[in-house]
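J.: Right, I'll just put the structure down here and ask away after.
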């Protein structure tokens, strides 16, 4: 066996095996001039290589740091330390270690692929491509993988896939290539491709923290929060202090309603990377959810500029501004967020509220109108639109929105209509008709304009061209729904849900199946989603209503109480649901209490008035119930349930 002082690094780059690496360390150490403690340095690097090979990357970095402390001038030890920094996503620290490695005698020709990786982690895609092109032939695989990721970062996904897809076909056993391919496909919206790549990565190396994390990310999108958690936990069992995995895990726990476990994960992430911007952000989210805006603001400020422009941070910051009585400040971030995410209805609501409080009612109406014009707009959205019109003197227009807000009837869930004109969208879609990024807004605009036939034809084309993209399947379902073909819409939505079962997909799928008469399948889809996303407010609302309709009173009470825990005591629909559920359960006191609370907030909402009146009747007070039920019937004369309640009480 022939060794040189740097050859063991090939164990980290896919060249030599671990045993060869350890043997070469011994030879290299014996040939060098003794420094502070070369024996300790050799031991530390051998341990670092072993831990790295086992997927314990944080421990590997600790061992490498100990080796560097024992012999700071040993270039090879610095190179090993750099590789552990790269595995843990710290490009800046890796670059500094590589500079020290070269100063200590490490061959710079063997570091190009490492420098490329470091540049990529720092956001320098052109620099990464340039360095990757200099990689030595024996490290070409590593270099090509970084080049592909950098090309994707620049937006050239086609070129990136052209590098990686043939690579994994030739050598399917290289897990790192599968991980890179999965990340690129996921970023491009090809969830089927990403899911397949993640599964292949796990088959190639079921112990790699990277493969396990990618599988967790795809499981979360494909199935939901609960399904993803075991995969995150498997990745953390391999490397308990992997910062990025801990952040993903904490966010998933938080979305699942497990705030205590979320806080533990965030604290571990902050231990792994003190001053972590993501860690501060998640701590601020926890404080805000706990009703402590002052602490949330303080913690968010510690994140500094690192969260500027992050959608979640913009939304949180604006919410805190509103809570602190600074609506003008809130509008700054919210305008940016709505410009970037025009379909974010929550952001539109907050922006409209902030503008109303800033005496900019016309702007408030302009921002809330796309959400308020939707058939399924909630009462709060409609009320915001009405208040904006009242402020600018359009009382007739405001009355229309207030009537809709008071109505118990809501339309079906649909796609969000784009703001751009149909002509502009058509011009953008014409050069690349199969590209979902430009085709989907055009198809939605066609459907909104009432051209169902043309929308359906275009949707079929884009879905056929992008079978792995959930967005393409969703827009096909939307086109079928607009053409009043709910069974076919449900089939398309189910295809989308197979790879991305998020809230929007679930609502469309459940609605389409119910309209197609597939009530059992609709209920199954709703139950599956709620099992994976137990804190989903829309899913819980729908579940509670369905439980009441089915006569499952005890479950309905539990569901609406869970909703009250999540949204508080001022949500009219939840309070009315609790009044109806407790009344059905024969518990008059809580039924009338919740009914009265709902009525105090929305005395013109027929569902609320009916719920309060019915609760009073079931509590043995028909005299107080009758006027309320008559009022409810006058507000919604076509509602059969309200009419039935009135008929029973009036006798």
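The numbers here are math on the coordinates, done by the rules we state, and not lab data. Values in this document were obtained by computation on a predicted structure and should not be read as measured data. Note: ideal-geometry Cβ built from the backbone for every residue, glycine included; neighbour counts use all protein chains shown.
J.: Kindly put 139, 612 in sequence by how many other C-beta atoms sit within 10 Å of each C-beta, fewest to most. Numbers along the way, then the final one.
T.: On the way: 139 23, 612 31.
Fewest to most other Cβ atoms nearby, the residues stand as 139, 612.
J.: Here is a further query. Between residue 310 and residue 630, how high is the FRET efficiency from 1/(1 + (r/R0)^6) when r is the Cβ-Cβ distance and R₀ = 60 Å? Nearest 0.05.
T.: 0.70
J.: Let me ask something else about it. Which angle between 0 and 90 degrees, to the nearest 10, do you get for helix 379-391 versus the longest principal axis of the chain when only C-alpha atoms count?
T.: Computed tilt is about 70 degrees.
J.: Using alpha-carbon positions, what is the distance between the centroids of the range 95-123 and the range 328-405, in Å?
T.: Measuring centre to centre over Cα atoms gives 52 Å.
J.: Mind checking the angle between helix 259-272 and the chain's longest principal axis? C-alpha axes, 0 to 90 degrees, to the nearest 10.
T.: Roughly 20 degrees, rounded to the nearest 10.
J.: Among 45, 163, rank each residue by its count of other Cβ atoms within 10 Å, from fewest to most, as a rough exposure measure. Provide the component values of the computation, followed by the final result.
T.: Details: 45 31, 163 19.
Placing the least packed residue first, the sequence is 163, 45.
J.: Hey, with R₀ at 51 Å, roughly what FRET efficiency would residue 332 and residue 159 work out to, going by the Cβ-Cβ distance, to 0.05? The partial results should precede the final answer.
T.: Values: r = 37 Å, r/R0 = 0.73.
Efficiency for this residue pair is about 0.85.
J.: How much length would be gained if the chain were fully extended between residue 341 and residue 103, taking 0.36 nm per residue of separation minus their Cα-Cα distance, in nm to one decimal?
T.: Numbers: separation 238, 0.36 × 238 = 85.68 nm, distance 4.72 nm.
Value of the extension gain: 81.0 nm.
J.: What is the fewest-to-most order of 618, 138 by other Cβ atoms lying within 10 Å of their Cβ? Each step should come with its number before you reach the end.
T.: Numbers: 618 22, 138 13.
Fewest-to-most ranking of 618, 138: 138, 618.
J.: Next question. Can you give me the angle between helix 361-372 and the longest principal axis of the chain, using Cα atoms only, in degrees from 0 to 90, rounded to the nearest 10?
T.: Its long axis makes an angle of about 90 degrees.
J.: Calculated from DSSP H runs of 4 or more alone, at -39500 (n - 2.57) each and per residue, what is the 222 nm mean residue ellipticity of the chain, nearest 500?
T.: Theoretical 222 nm ellipticity from helices: -23500 deg cm²/dmol.
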